[in-house]
Structures are given as structure tokens and as C-alpha cells.
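Notes follow once the structure below has been shown.
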Amino acid sequence: MTRIIGLTGGIGSGKSTVSQYLAEMGATIIDADKVGHEALTRSDIKQEIVAAFGHEVLGPDGEIDRKKLGPIVFGNPEALAKLNHIMHRRMRKMMEDKLAEYRKQGVPVVVMEAAVLLETDADWDKLVDEIWVTVSPEGVVVKRMKEQRGMTEEQTKARIRAQMSNEEKIKRAHVVISNDGSLDEMKRGVKKAWEKLVDKSAK
Ligand code: ADP
């Protein structure tokens, strides 16, 4: 039986790092960001986005240019909700198709990495067997985002405020990955959770 983990967490909390590590240990990853990029190339979705936001979201190649779409929706909650409404149900269908394929192949563990797993109204959380949440203190995230992505403290804090709080995510979590120390410490925590999962699956 394929077990499906939904991996979520705030900006800079370590989701991608954890999912890379889980992949090294044998998990198959579905990255919601990549599914979103793939969705934007589909003609039905493209048409709806152009209808909603105008031709200015298209690049010279006639494809949706995320660099043009981004500034329209970030900082504008109404526009973002509109985009999410177009995208999230279709992305769910694409993820369901991927999961069905992995089940058919007998893949033991799939990790679905999605920042908005618990926030979207398209019920992505219903696709997973358990929820893992990465958590890092705000000060650490601000420092990481400054160093790794050149974001200011204000930019990072605004992104954090726009997301569901850690407390709420933790309430829903089966596993909390505390990522407030070194990478090695984080890996030890993930390895423990992974071994428990593999044990459970073997029974
Ligand atoms: P998310 O996917 O949740 O936004 P990332 O996994 O991309 O977060 O991590 C954000 C940045 O912080 C990355 O550059 C990553 O390498 C770094 N990072 C994550 N965890 C640690 C850690 N424990 N120690 C040092 N750097 C870390």
C-alpha cells in the first residue's frame, strides 16, 4: 500500500530541504510548485488566466510568464484568491492522477510538498494519509531568507503573516519537524520519523 505524506510549513521553514532528504531515503516527491508550473502550460488553464488577468500576463512566446503574473497577485489578496480558485482544483486533479500512477506502480511512500496544503479550499489535505509540518522560529527564517533569497526582514514577515500560523499547522500535524538548529539535527529528526513510518508500513 502506498502511504502519502503531506509535507507543509511556512516560508523558509525547510520544506524543500526536508523533502530532498526524504527523497534520498527513498520517498517519491510531488512538489506542488512544480505541479503549478505544469498547470500554467495547459491550454484550458491558460485561457482562464488570460480571461481573468488580461493578455499582459503572457510572454512573447504566448506562454504565461510567471514574472508578470506574480506582481499582479502578490500583495493583492483578491487577485490571489481568484488565481487560486482557477488553479487549485485543477492542480488537485493533476496530483490525484500522479498519485494513482504511483499507487499502480506500488511506490511505498509519496511525499506531497505543498506550502498551502492546509490553506487551500480545494481539499488537498484529503489526499494525504498524514501531515508533516516543518517549523522554524521567525528570527531564523528572516535570517535564512535574507542570506539565501535576498529578502528584507519586512518582506519575509509579510509573507509569514499571510500564511496560516505555525500553531494552527501544528494542531493538524502528525509529525512536527523542528528545524531551529543545524541541518544535521534536522536530518536526525526526519530520519526518526521516516523509520517510524517505514516500520508502520511493514506491519
Ligand atoms: P522552504 O521550502 O520551507 O521555503 P527551504 O527548505 O527552501 O524552505 O529552506 C530555506 C533556506 O534555508 C534554504 O536555502 C535552505 O538551504 C536553508 N536551510 C533550511 N534548513 C536549514 C538549517 N537547519 N540550517 C541551515 N540552513 C537551512
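So the values come out like this:
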read-out: Test: V128 is in contact (Cβ under 8 Å) with a residue 60 or more places away in the chain, surrounded by 14 or more Cβ atoms within 10 Å (Cβ to Cβ), among the aliphatic types (A, V, I, L, M) and near the ligand (Cβ under 10 Å from one of its atoms); value: no
read-out: Test: residue in the range 131-138 that is part of a helix (DSSP H, G or I) and within 16 Å of the ligand (Cβ to nearest atom); value: yes
read-out: Matching residues in the range 163-178 - criterion: being open to solvent by less than 90 Å² (accessible area, probe 1.4 Å) and touching a strand residue (DSSP E or B) at 6+ places or on another chain (Cβ under 7 Å); value: N166, K169, I170, A173, V175, V176, I177, S178
read-out: Complete set of residues in the range 179-203 that are farther than 16 Å from I11 by Cβ, open to solvent by 70 Å² or more (accessible area, probe 1.4 Å) and within 12 Å of the ligand (Cβ to nearest atom); value: L183, D184, E185, K187, R188
read-out: Residue match in the range 90-111 (condition: at pLDDT 95 or above, buried (at least 17 other Cβ atoms within 10 Å of the Cβ) and within 16 Å of the ligand (Cβ to nearest atom)); value: yes
read-out: Test set (1) open to solvent by 50 Å² or more (accessible area, probe 1.4 Å); (2) over 25 Å from V135 (Cα atoms) - P77 fails condition number; value: (2)
read-out: Any hit, the range 63-78, residues being away from the ligand (no atom under 16 Å from the Cβ), touching a residue at least 40 places away in the same chain (Cβ under 8 Å), of a type in the set (V, I, T) and farther than 17 Å from I177 by Cβ; value: no
read-out: Selected residue (only one of G9, G36, G26, G54 is on the phi > 0 side of the Ramachandran plot and either in contact with an Asp or Glu (Cβ under 9 Å, 6 or more places away or on another chain) or within 16 Å of the ligand (Cβ to nearest atom) (or both)); value: G9
read-out: Whichever residue in the range 139-154 is at negative phi and loosely packed, with under 15 Cβ neighbours inside 10 Å and, among such residues, is nearest to the ligand (Cβ to nearest atom); value: Q148
read-out: Residue check, V142 aliphatic (A, V, I, L, M), assigned to a helix (DSSP H, G or I) and under 18 Å from the mean Cα position of the chain (by Cα); value: no
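The values are calculated or read from the model by the stated rules, or taken from the named source; none is laboratory data. Here the structure is a predicted model, which is why all the values come from computation and not from measurement. With ideal geometry, Cβ positions are generated from the backbone for all residues, glycine too; neighbour counts draw on all protein chains shown. The area values use the complete protein model at the heavy-atom level, side chains included, leaving out ligands, DNA and RNA. Shrake-Rupley method; radii C 1.70, N 1.55, O 1.52, S 1.80 Å.
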